[in-house]
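Comments concern the structure below.
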Amino acid sequence: VPRSLLRLGSQFSGIFFIYIDESGDLGMDCKECTHFVLSAVLIRDPVIDQAYQRIPKRIRQKRLKRSMKETDELKFSNSSETLRDMFLKSASALDIRIYSLIIDKRCTKESLQHNLPYLYNYLIKILLESVIRDTSKNSSLDIILDRSMCKSQRINFEGYLKMMFLELFESTSVKIVHESSMLNRGLQVTDYISGAFGHKYNHSSERYTDILRSRTIIERNDFFKKK
């Protein structure tokens with residue numbers, strides 16, 4: 001699987017895994033999807049990371065009907081309530097930390113609506129600043145994102161993160177991985193977590209976020225709102 005990698009620094013005392021996924025999009029066309037969600041899952045132990053990545057396979061093997069086992073990729077949007085519960089309860093049973101930023105698109109400044117890459121980078125910066133506070137100095141970070149950007153977007157995005165880490169986290173070693181969520185099981189689980197917050201804000205239901213409550217460190221929804 002081709003991967004886009006970026007490394008900064010060489011000394012580290014531990015490894016941390018950060019999965020990032022989103023629910024909805026930043027565009028203003030969809031009136032039914034009024035909120036955009038960007039979520040990160042921090043895992044501070046390689047053993048926990050392996051267990052996190054095994055969740056989709058375990059559910060496929062033991063819990064799914066034959067027709068669902070043959071589905072290319074399990075996602076929050078195409079799953080039943082029962083399947084969503086399985087994923088979220090399995091994730092919440094592990095020692096993970098969840099950080100979510102929620103944007104009410106109706107409150108987004110018009111200037112930002114016409115510069116969505118800038119807005120996305122700004123949100124990533126806010127998100128990662130919060131996550132990295134819960135890691136240690138001289139550590140190694142694996143940041144895993146869905147490979148949804150084109151090549152030029154990835155280059156610009158990684159350049160932005162490189163600048164950010166050099167300024168804020170000079171002693172940290174960082175590896176950025178853009179990978180298909182179809183092939184990365186950790187991203188598949190993160191899709192369900194981000195989807196749970198999307199469901200809460202777009203459908204006014206805390207059914208799924210309640211499952212994640214004990215693992216949620218940040219749930220911030222005050223962007224661009226008048227104070």
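The values are calculated or read from the model by the stated rules, or taken from the named source; none is laboratory data. Just so we're clear, the structure is a prediction, and the values are computed from it rather than from any experiment. Here Cβ is always computed from backbone atoms with ideal geometry, including for glycine, and neighbour counts include all displayed protein chains. To get the accessible areas, we keep the full protein, side chains included, count just its heavy atoms, and leave off ligands, DNA and RNA. Shrake-Rupley method; radii C 1.70, N 1.55, O 1.52, S 1.80 Å.
How do S180, S152, S140, S214 rank by accessible surface area computed with a 1.4 Å probe, from largest to smallest?
I get S214, S152, S180, S140, largest accessible area first.
What does the charge dipole of the range 37-154 about its Cα centre add up to, to the nearest 20 debye, if the Cβ of each Lys and Arg holds +1 and the Cβ of each Asp and Glu holds -1? Present the calculation step by step, with values, prior to reporting the outcome.
Numbers: 23 positive and 14 negative charges, 82 e Å.
It works out to roughly 400 debye.
Got a sec? What order do S39, S23 fall in by accessible area at 1.4 Å, biggest, i.e. largest, first? Present the calculation step by step, with values, prior to reporting the outcome.
Working: S39 0, S23 25 Å².
Largest accessible area first, the residues go S23, S39.
Which of the residue pairs K109/K175; K151/K175; K89/K200; K75/K200; K109/K162; K75/K125 have a Cα-Cα distance greater than 21 Å in the structure shown?
K109/K175; K109/K162; K75/K125
How high is the FRET efficiency between I48 and E110 when r is their beta carbon distance and R₀ equals 41 Å, given to the nearest 0.05?
That gives a FRET efficiency of 0.45.
Given S214, L101, Y160, which one lies farthest toward the positive end of the charge dipole of the range 90-215, if we put +1 on the Cβ of every Lys and Arg and -1 on the Cβ of every Asp and Glu?
Going by the Cα projections, it comes out as L101.
Per residue of the range 176-192, in order, report the coupling 6.51 cos²θ - 1.76 cosθ + 1.60 (Karplus, θ = phi - 60°) as ³J(HN,Hα) in whole Hz, putting x for Gly and Pro.
Each residue of the range 176-192 in turn: 9, 10, 9, 9, 5, 5, 5, 9, 10, 6, x, 5, 5, 5, 5, 4, 5 Hz.
Considering only S111, I124, S173, whose Cα is most displaced toward the positive end of the charge dipole of the range 82-187, charges sitting on Cβ of Lys, Arg (+1) and Asp, Glu (-1)?
Final value for the positive-end residue is S111.
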